[in-house]
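K.L.:
Just dropping this structure here.
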Amino acid sequence: MKMKTIVGALVLTFTTMTLFAQVVSKDSLNNLKQRKDAIEVNKKLTDNKLELAKLENEVAKKTAEADKTADQAQKSADENRKNAERLGRDPQDRKLARKAGKSASTAQRDAKKARKASESLEKLRKDIESLRGKISDDEAKLASMPGYMPNN
């Protein structure tokens with residue numbers, strides 16, 4: 001008998017709890033989903049801005065490196081030209097031939113370093129432009145979102 005009373009009380013309690021449970025409307029769910037989406041886009045935008053700042057800080061270093069390697073390549077090419085001219089005047093001199101060969105190899109190696117530095121700088125600039133485009137797209141997307149609440 002006591003068991004029936006306890007079970008009956010529990011059933012009554014659960015049924016009243018379900019009747020009085022707060023119903024979440026679809027509007028508030030949609031609103032929360034839109035806010036969540038806006039927060040995700042805002043996070044992505046912030047991450048992209050941080051990455052852009054990092055890349056922009058590297059531009060000066062890469063530019064200096066490209067200039068330095070280009071200057072070195074030019075010096076090596078000038079030295080190679082001088083050695084080649086000396087060898088041209090005396091083609092039978094082994095010492096001059098060896099020196100001209102070494103300077104040619106050095107000029108070739110320095111030219112390759114200069115090309116790589118220039119390509120690296122160009123790639124960095126393309127990455128920066130790409131990131132700026134993504135940031136612009138994210139800002140436009142964020143501004144058009146109904147759940148977005150900008151920080152003033």
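Please treat every number below as a calculation from the coordinates, not as lab data. Note that this is a predicted model, so its numbers are computed, not measured. With ideal geometry, Cβ positions are generated from the backbone for all residues, glycine too; neighbour counts draw on all protein chains shown.
K.L.:
Label ASN57 and GLU40 with points 7 Å out from Cα along Cα→Cβ: what is the distance between them in nm?
P.N.:
Result: 3.0 nm between the two label points.
K.L.:
Using a Förster distance of 35 Å, how high is the FRET efficiency between GLU139 and SER105, based on the Cβ-Cβ distance and rounded to 0.05?
P.N.:
Calculated value: 0.10.
K.L.:
Under 13 Å from a point 7 Å along the Cα-to-Cβ line of ARG86: which residues of the range 94-132 have their amide N that close?
P.N.:
Residues 94-104 fall inside that zone.
K.L.:
Suppose only helical runs count, i.e. DSSP H with n ≥ 4. What mean residue ellipticity at 222 nm does that imply for the chain under -39500 (n - 2.57) per run, divided by all residues and rounded to the nearest 500 deg cm²/dmol?
P.N.:
-33000 deg cm²/dmol
K.L.:
Separate question: Using θ = phi - 60° and the Karplus curve 6.51 cos²θ - 1.76 cosθ + 1.60, what whole-Hz ³J(HN,Hα) does each residue of the range 98-108 get, with Gly and Pro shown as x?
P.N.:
These are the phi-based 3J(HN,Hα) values: 5, 5, 5, x, 5, 5, 5, 5, 5, 4, 5 Hz.
K.L.:
So, R0 is 30 Å and r is the distance between the beta-carbons of ASP71 and ARG125; what FRET efficiency does that work out to, to 0.05?
P.N.:
Result of the calculation: an efficiency of 0.90.
K.L.:
What's the angle, to the nearest 10 degrees (0 to 90), between helix 2-20's Cα axis and the longest principal axis of the chain?
P.N.:
Long axis of 2-20 versus the principal axis of the chain: about 60 degrees.
K.L.:
Test of understanding: in a Gaussian network model of the chain with alpha carbons linked when under 10 Å, which of THR13, THR69, THR46 would top the mean-square fluctuation ranking?
P.N.:
THR13
K.L.:
Shifting gears a bit: Taking neighbour Cβ counts within 10 Å as the exposure measure, how do THR106, THR5 sort from fewest upward?
P.N.:
THR5, THR106
K.L.:
Could you work out the relative contact order of the chain, using alpha carbon pairs under 8 angstrom and six or more residues apart, expressed as a whole percent?
P.N.:
Over the chain, the number comes to 39 percent.
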